[in-house]
Amino acid sequence: MALDTTLTLEINNKYFEFFQNKDLNGLRKLYADNIMLKDWLGEWIGVDSVLDENVEFFKNDFTLTLVSTTELYQEDASNPIGYLNNITIEVNGETINIVDQLLFDDTYKIISIYATQQ
């Protein structure tokens, strides 16, 4: 099933809005039950585990800026299955440039977040 581009982009952008605002209830609504988060610090599987990691990060004072978004496609697909997002996070006096890859399942839930530092 092809995902609707307008809806996936809206969810992608909501994710960053909810993250910046430390909105755990909003994030929970976007996450699939079996979501996987992987970054340079570790890997978390399952909605509760990912939200627990969000809570830990939210203890920091930070500013997130979404710099750019690029669509990700499966081979021979006409609509994106996710997005590559270049973001900047300023936390504890440090600026971190990150690429966040968000992938969606067929119910428009975020199934995977893969973050790497640039």
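Considered as a group, the residues in the range 106-118 that are within 13 Å of the chain's Cα centre (by Cα) and of a type outside the set (Phe, Trp, Tyr) include one that is surrounded by the fewest Cβ atoms within 10 Å (Cβ to Cβ), and that residue is Thr116. The set of residues in the range 66-94 being hydroxyl-bearing (Ser, Thr, Tyr) and not in a strand (DSSP E or B) consists of Tyr73, Ser78.
Asn21: farther than 17 Å from Ala115 by Cα and under 15 Å from the mean Cα position of the chain (by Cα), yes or no?
Yes, satisfied.
Could you tell me whether any residue of the range 48-65 is β-branched (Val, Ile, Thr), at pLDDT 95 or above and part of a strand (DSSP E or B)? Scanning the range 48-65, I find at least one residue that is β-branched (Val, Ile, Thr), at pLDDT 95 or above and part of a strand (DSSP E or B), so the answer is yes.
Taken over the range 26-47, the criterion of being aromatic (Phe, Trp, Tyr), at pLDDT 95 or above and within 18 Å of Gln117 (Cβ to Cβ) is satisfied by Trp44 alone. Taking the criterion of being within 19 Å of Ile98 (Cα to Cα), without any contact (Cβ under 8 Å) to a residue 12 or more places away in the chain and assigned to a helix (DSSP H, G or I), the only residue of the range 1-47 that qualifies is Glu17. Just one of (1) over 28 Å from Thr5 (Cβ atoms); (2) outside any strand (DSSP E or B); (3) not aliphatic (A, V, I, L, M) fails for Thr107. It is (1). For the range 75-97, the set of residues classified as surrounded by fewer than 15 Cβ atoms within 10 Å (Cβ to Cβ), polar (S, T, N, Q) and within 18 Å of the chain's Cα centre (by Cα) consists of Thr88, Asn97, listed by residue number.
The values are calculated or read from the model by the stated rules, or taken from the named source; none is laboratory data. Keep in mind it's a predicted model, so treat the numbers as computed, not measured. We place every Cβ from the backbone using ideal geometry, glycine too, and count neighbours over all the protein chains shown.
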